[in-house]
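Just below is one structure, and these are the notes that go with it.
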Amino acid sequence: MEIYTGEISCSGIAIGRIAELSRHETLIRRTCAEDPAAETARYRAAKAESRTELEALKTKAAEETGKSGADLFKAHIMLLDEFDERVENLILTQNVSAEYAVSEAGSSMAAVFTAMDDNPYMQARASDIKDLADRVIRALNRGDNSGGEAIPAGAIFTEKIILAADDLAPSETVQIDKEGIAAFVTREGSTNSHTAILARTMNIPALCQTPLPKEAAGKLGIVDGTKGVLYVDPDEETLTKYREKMEGEEKKQQLLAELKGKETVTRSGRKVRLCANISGIDDIPSALESDAAGIGLFRSEFLYLENDTFPSEEEQFLAYRTAAEKMAGREVVIRTLDIGSDKQISGFGPDFGENPALGCRAIRFCLTYEDIFRTQLRALYRASHYGCIAILIPMIISKWEVARVKEICGEVKAELDAQGLPYQDVRTGIMIETPAAVLMADELAETADFFSIGTNDLTQYTLAADRRNQRISRFFDDHHPAVLKAIRMTVEAAHRHHIPVSICGDLATDTALTETFVRMGIDELSMSPSSILPMRKLIREME
Ligand code: PEP
Ligand code: MG
């Protein structure tokens, strides 16, 4: 038995035969093009064909994995246009074939992203570019068969396999018959890559950065995505252990379903609300299915990120109203636009500077571009008439920001009154995710109806550790005493001022800390829908 360790892209356990993804590597020689105009026309036709394929993949991904999957291909379609200038210049100035020009353009564009070697997000973009270049080259070669799909769309596997590859492009991942895949294991890649995002959306265990030798193909493997371990050729004892684990996991899911409708309360009677984090209305069915007490965090920025233009008031109103109606009286906490840093709106001009995480993001963006903010607030207030909505303001550091938000809310309500449009008075909460907000928690509690602790950013800003940089992951320690102290200080300040406090960052699902949070007196934990029932079980077993 051989054992390899990797980074966890998606948790879970899987057993299957290892299959190596084989691609027909296209050898692209520098050949001379006799007619550059004809070569340019070939490139344009291949690009158009690639665009059509990507549009089809976008539709398929939207149907199968929802908005996040579709967004990947939308980004690919936009990146495709970036090839034009480079490719056409190479053909015209160097008289090379379209294949060679696309290959060269792809390599130079990918190299720019690869050079940003401390940024996993940029690394993932380099893979996207290579994937696009391969696609256009395949389209150019169609007919002479020198390219070819790595995995034919709709390929059906007779037994579940662990798919191994150096790296997997999102387009490959989405085209693979999901029913045939037990797990993904890649030697490269990052937990931030689009492939990792897709694996999580599909809920398929996945490891990246795993030094699996190619000779492992054909052997039996076990992926333990809870520990980041891959066993190749497992011995009988290990195999039996993991088979039992998988059976146990199924039974656990059945038992958890029995907790629906039950209270989340410790044995000594301490109640905790368990709510769902969602990115859009598509996530509401799973929130309801997991018996969430409400939506604790609706990350509204995803409504903005899916379009090239800002969503209109009507579009936003419809989304928020639908959420409120579907949750049928359960509270829906909608966080106002948390744009900036890694979440940029394409085509929106301003330069956010060198340190975007420390720059114009979240409430800073909204108070800088007030018209955009007012549109969102109008939509939120109008939707409040149709259910129970609360507003949550991200990245607060000062009292004046809350005061200004409230002034704008007052103006928006006056406008709605003047227009005769109905709304409810909504609760307004503050995200505590900066050290300044923790230190000012008593003062901020005087201005807020509730606190919600964003432990992802609170860890990033307290420890000065970039949350997206995997190279410093050991410094991004969300169990650091400073982070836990900041959470405790926030809970105590909230309760001194008689307002409830929730945790909506990733620490909410960290079972190693649940007892600590319950003892601190946390009122609510908000998390991914699938984590709610396991958390209810844990809390009900606590003293
Ligand atoms: C957080 O920072 O913990 C949080 C919940 O917000 P986001 O992860 O969206 O920044
Ligand atoms: Mg945050």
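Give me the Kirkwood hydrodynamic radius of region 221-283 in Å, from all C-alpha pairs, to one decimal place?
15.4
Cα axis of helix 83-94 to longest principal axis of the chain: angle in degrees, 0 to 90, nearest 10?
Orientation of helix 83-94: about 30 degrees from the principal axis.
Divide by every residue of the chain the summed helix terms, -39500 (n - 2.57) for each DSSP H run of at least 4, and state the resulting mean residue ellipticity at 222 nm, rounded to the nearest 500 deg cm²/dmol.
Roughly -14500 deg cm²/dmol at 222 nm, from the helical runs in the chain.
Given C-alpha coordinates of region 1-140, what is the ratio Rg to Rh with the Kirkwood estimate of Rh?
1.05
Helix 36-65 versus the longest principal axis of the chain: what angle, 0 to 90°, nearest 10, using Cα atoms?
So the helix axis and the longest Cα principal axis differ by about 40 degrees.
Which of the peptides 372-378, 84-90 is most tightly packed, and how do the rest follow, judged by the mean count of other Cβ atoms within 10 Å per residue?
372-378, 84-90
Could you go through region 401-407 in sequence order and give the Karplus-derived ³J(HN,Hα) for each residue, using 6.51 cos²θ - 1.76 cosθ + 1.60 with θ = phi - 60°, rounded to whole Hz, and x for Gly and Pro?
5, 5, 4, 5, 4, 5, 4
With a 1.4 Å probe and all protein chains left in place, how much of the accessible area of the chain comes from carbon and sulfur atoms, in whole percent?
Solvent-exposed carbon and sulfur of the chain make up 51 percent of the total.
Give the Cα extents of region 269-540 along the principal axes, in whole Å, largest first.
So the extents along the principal axes, rounded to whole Å, are 50, 45, 34.
So what's the angle, to the nearest 10 degrees on a 0 to 90 scale, between helix 236-257 and the longest Cα principal axis of the chain?
Approximately 40 degrees, to the nearest 10.
Order the following by accessible area, largest value first: Met395, Met440. Probe radius 1.4 Å; ligands, DNA and RNA are ignored.
The residues order as Met440, Met395, largest area first.
Could you pull out the trypsin sites (Lys or Arg not before Pro) across region 443-543 that fall in loop regions by DSSP (anything but H, G, I, E, B) with no more than 12 other Cβ atoms inside 10 Å?
Arg474
Let me spell out the model: positive unit charges on the Cβ of Lys and Arg, negative unit charges on the Cβ of Asp and Glu, origin at the Cα centre of the chain. What dipole size does that give, in debye rounded to 20?
It works out to roughly 1260 debye.
Heads up, I need the accessible area for Phe184: 1.4 angstrom probe, whole protein in place, Å², nearest 10.
Accessible area of Phe184: about 10 Å².
Counting other C-beta atoms within 10 Å, and keeping those with at most 16, which DSSP coil trypsin sites (Lys or Arg not before Pro) do you find in region 220-312?
Lys227, Lys260, Lys262, Arg267, Arg270
Tell me the per residue accessible area of the chain using a 1.4 Å probe; a whole number in Å² is fine.
45
Just to confirm a number: summing +1 for Lys and Arg and -1 for Asp and Glu over residues other than Val333 whose beta-carbon lies under 12 angstrom from that of Val333, what do you get?
Cβ neighbours under 12 Å give a net charge of +2.
In whole Å, what are the Cα extents of the chain along the three principal axes, biggest one first?
Here the spans come out as 77, 63, 39 Å, largest first.
The values are calculated or read from the model by the stated rules, or taken from the named source; none is laboratory data. Please read these numbers as outputs of a predicted model, since none were measured by experiment. All Cβ positions, even for glycine, are placed from backbone atoms using ideal geometry, and neighbour counts span all protein chains on display. Just the protein is used for accessible areas: all its heavy atoms, side chains included, with ligands, DNA and RNA removed. Shrake-Rupley method; radii C 1.70, N 1.55, O 1.52, S 1.80 Å.
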